[in-house]
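Novice: Just dropping this structure here.
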Amino acid sequence: MDADIIIVGAGPAGLCLAKNLSGRSLKIVLLEQQPQSDLEAPQFDGREIALTQHSAKLLQQMGLWDLIPRADIAPLVDAKVIDGPSSFSMVIGHELGGRSELGWLVSNHLIRQAAWRGVQQAMAANADITLMAGEKVTAVHTDAAQGSVTLASGRTLTAKLVVAADSRFSTTRRMMGIAAHMHDFGKNMLVCAMSFEQPHHFAAWEWFGYGQTLALLPMNPHPETGAHRASAVITLPSREIEALMQMEPAAFNAAVTQRFAKRLGAMQLVSTRHNYPLVAVFPQRLVAQRFATVGDAAVGMHPVTAHGFNFGLLSVEALTKEIATALHTKGDIGHSSLLQRYEGQQKRATLPLFWMTRLIVEIYTRDTAPAKLLRKALLRVSDKLIPFKRSIAHSLSGA
Ligand SMILES: Cc1cc2nc3c(=O)[nH]c(=O)nc-3n(C[C@H](O)[C@H](O)[C@H](O)COP(=O)(O)OP(=O)(O)OC[C@H]3O[C@@H](n4cnc5c(N)ncnc54)[C@H](O)[C@@H]3O)c2cc1C
């Protein structure tokens, strides 16, 4: 056999899994279709990732947290939910989570960079990871004895376990015959960094406007000018997002300032703009014979509840724990009972929030008069329900 584990995909989840499994006398192969240069120097992709306290702890345990520049980690102190043009907001305060912040915000490319560096360190220390970049997996087959993957170059590799970390549209999951529930929201999300006049007080906004959904994810002030900065997230039908993507910066600034109803004063684009289609995915099975999914391949969340990568880290933690137990008892790391335990745990951890997120989006993006009345009432009632708000605070902090 060529390896103990083959991981398909060196996105943040695949890199974290390789790093977490390193140093346990396993032979790990990490396959990635992108060239190595893209992995070494990941470019800004607009995503500001809200990390729970639990995710921050996992990244610390993996030795990755300290590889992210401290100045680029912003605290997520409070979260506000706003409905329509109303000035009322439901505030989920950090005190409900029992800490001075609910979680942390870090740019996705800096997480990828830290994970890449962590893998490099692990390779140097343990020599147990073989990274094959620029290699696309084109076929997967597993049987009772082993799993095998075929690369576009024609080469075939075998291992005791194949792990798919190849995105929510995982082709390896599909090649294994695993069906997935996919929901296309019919909208796109534009994300970019903006500076503005009013302070954000490190509060994230989720603003269910009429005909648009906006979010604001606080970033640290500009290190030299001190300008207030945040990631602006605008959700609209794709043709409207395309129009915003094509606008000259001055027109874009004016349009976004207007969309945010000037609540932050004049806003200015300070990064590239990025456009993501909104499709949520939940596979019917997370495992198969000698096969497991992690990261977005195991659950593709709508970003509104900010849990995609947090769930990705939970999957890395859970699969590592099962594999470590098998190694400790000299068991088979691809055994079906191990994989079933992993699947059960991940489904329990992710499925309720997956459906809850779908429901929130359904209620808060419908613009009929009864729906508007219902959401307004729900927000006001929810604001008074401290146990409910505490449960949201715990979900955001990963408690
Ligand atoms: C706008 C936006 C905002 C978000 N905000 C948050 C947030 O606040 N909090 C949060 O927790 N999450 C958030 N997320 C989700 C988070 O970005 C994802 O969960 C995370 O990036 C997924 O990582 P991954 O490694 O599973 O998949 P990916 O990043 O998709 O990586 C998959 C990798 O597999 C490779 N690959 C694919 N197919 C093959 C193949 N056949 N052969 C070889 N390699 C292959 C790809 O090239 C890629 O490198 C957000 C997402 C978006 C779009």
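The values are calculated or read from the model by the stated rules, or taken from the named source; none is laboratory data. In this text, all values refer to a predicted model and were calculated from it rather than measured experimentally. We place every Cβ from the backbone using ideal geometry, glycine too, and count neighbours over all the protein chains shown.
Novice: I'm checking my understanding of the structure. Among residues of segment 276-285 that are over 14 Å from the mean Cα position of the chain (by Cα) and within 13 Å of the ligand (Cβ to nearest atom), which one is nearest to residue 233 (Cα to Cα)?
Specialist: 277
Novice: Against the condition over 29 Å from residue 255 (Cβ atoms), surrounded by 19 or more Cβ atoms within 10 Å (Cβ to Cβ), within 9 Å of the ligand (Cβ to nearest atom) and small (Gly, Ala, Ser), how does residue 114 come out, does it pass?
Specialist: The answer is no for residue 114.
Novice: Could you list all residues from segment 33-47 that are in a helix (DSSP H, G or I) and either touching a His at 6+ places or on another chain (Cβ under 8 Å) or buried (at least 21 other Cβ atoms within 10 Å of the Cβ) (or both)?
Specialist: Scanning segment 33-47 gives a single hit, 39.
Novice: Of all the strands (runs of 3 or more DSSP E) wholly in segment 48-97, which have at least 1 residues that are of a type in the set (A, V, I, L, M) and closer than 26 Å to residue 21 by Cβ?
Specialist: Of the strands (runs of 3 or more DSSP E) lying wholly inside segment 48-97, those with at least 1 residues that are of a type in the set (A, V, I, L, M) and closer than 26 Å to residue 21 by Cβ span 48-52.
Novice: Moving on to the next point. I'm checking my understanding of the structure. Among residues of segment 93-111 that are among the charged types (D, E, K, R) and more than 16 Å from the ligand (Cβ to nearest atom), which one is surrounded by the most Cβ atoms within 10 Å (Cβ to Cβ)?
Specialist: Taking the candidates together, the pick is 99.
Novice: Of all residues in segment 141-188, how many are buried (at least 22 other Cβ atoms within 10 Å of the Cβ) and either within 12 Å of the ligand (Cβ to nearest atom) or among the hydroxyl-bearing types (Ser, Thr, Tyr) (or both)?
Specialist: Of the residues in that region, 9 qualify.
Novice: Continuing with the same structure: Any chance segment 236-256 includes a residue that's touching a residue at least 24 places away in the same chain (Cβ under 8 Å), part of a strand (DSSP E or B) and surrounded by fewer than 21 Cβ atoms within 10 Å (Cβ to Cβ)?
Specialist: yes
Novice: Take the residues in segment 201-228 that are touching a Ser or Thr at 6+ places or on another chain (Cβ under 6 Å) and within 16 Å of the ligand (Cβ to nearest atom), then tell me which one is farthest from residue 106 (Cα to Cα).
Specialist: Looking at the filtered set, the residue picked out is 213.
Novice: Of these, 90, 62, 123, which one is within 28 Å of residue 264 (Cα to Cα), buried (at least 17 other Cβ atoms within 10 Å of the Cβ) and away from the ligand (no atom under 12 Å from the Cβ)?
Specialist: The unique qualifying residue is 90.
Residues checked against (1) at pLDDT below 95; (2) within 11 Å of the ligand (Cβ to nearest atom); (3) under 30 Å from residue 218 (Cα atoms):
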{"residue": "5", "(1), (2), (3)": "no, no, no"}
{"residue": "8", "(1), (2), (3)": "no, yes, no"}
{"residue": "11", "(1), (2), (3)": "no, yes, yes"}
{"residue": "17", "(1), (2), (3)": "no, yes, yes"}
{"residue": "24", "(1), (2), (3)": "no, no, no"}
{"residue": "28", "(1), (2), (3)": "no, no, no"}
{"residue": "47", "(1), (2), (3)": "no, yes, yes"}
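Novice: If you don't mind, another one. Residues 315, 391, 336: which one is among the small types (Gly, Ala, Ser) and within 16 Å of the ligand (Cβ to nearest atom)?
Specialist: Only one candidate passes the filter, namely 315.
Novice: What's the number of the condition residue 305 fails, among (1) exposed (fewer than 14 other Cβ atoms within 10 Å of the Cβ); (2) within 18 Å of the chain's Cα centre (by Cα); (3) of a type in the set (Val, Ile, Thr)?
Specialist: (1)
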